[in-house]
Structure formats: structure tokens, C-alpha cells
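In what follows, a single structure is set out as C-alpha cells and then discussed.
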Amino acid sequence: MLEALRKKHPVDQPAIDEPMDDDVPAAAPVRAQEVRNAIFSFSLGSAGEADGLRPQHL
């Protein structure tokens with residue numbers, strides 16, 4: 001069974017979310033206070049995303 005999984009998911013394939021171009025700019029740094037402000041900007045009872053986490057969980 002393990003060999004069948006290895007055949008379906010070989011290690012030498014690049015991950016889908018890896019950029020293929022080296023010219024992709026890096027993301028700008030984010031400060032902790034900016035994250036905190038963004039989290040607290042949501043209204044109480046805001047719905048969560050696919051992961052089920054609501055802003056209140058964070």
C-alpha cells in the first residue's frame with residue numbers, strides 16, 4: 001500500500017504553491033500590531049473561513 005502511495009505522489013515533483021519564477025517579489029514584512037489591528041477590525045460574530053476559525057479565536 002505504501003508503494004502505491006509513493007507512485008501516486010512522487011517526491012521529485014515541485015509543490016503546486018511554489019513559485020516557478022525567481023523574479024517573484026518577496027512579500028512585505030508585517031508587524032504584529034498590524035495583524036492585531038486587522039483581527040480586532042472584524043465585528044463580533046464574524047463568520048469563519050474554510051478552516052472554521054473566527055476572528056474571536058485568533
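The values are calculated or read from the model by the stated rules, or taken from the named source; none is laboratory data. Note that the structure is predicted; figures quoted are calculated from it, not measured. Here the Cβ is made from the backbone with ideal geometry for all residues, glycine too, and neighbour counts use every protein chain on show.
Remarks
- Identity of the residue in region 35-58, part of a loop (DSSP other than H, G, I, E, B) and of a type in the set (D, E, K, R), that ends up modelled with the highest pLDDT: Arg54
- Members of region 22-39 found to be within 16 Å of the chain's Cα centre (by Cα) and over 15 Å from Pro55 (Cα atoms), listed by number: Ala26, Ala27, Ala28, Pro29, Val30
- Where a residue in region 45-58 is under 15 Å from Val35 (Cβ atoms) and of a type in the set (A, V, I, L, M) and its partner, wherever it lies, is modelled with pLDDT of 80 or more and surrounded by 10 or more Cβ atoms within 10 Å (Cβ to Cβ), with Cβ under 8 Å and at least six apart: Leu58/Ile39
- The listed residues are Pro25, Pro29, and the only one of them that is modelled with pLDDT of 80 or more and part of a loop (DSSP other than H, G, I, E, B) turns out to be Pro29.
- Of the residues screened, Pro19 is not one that is over 30 Å from His57 (Cα atoms), at pLDDT 75 or above and assigned to a loop (DSSP other than H, G, I, E, B).
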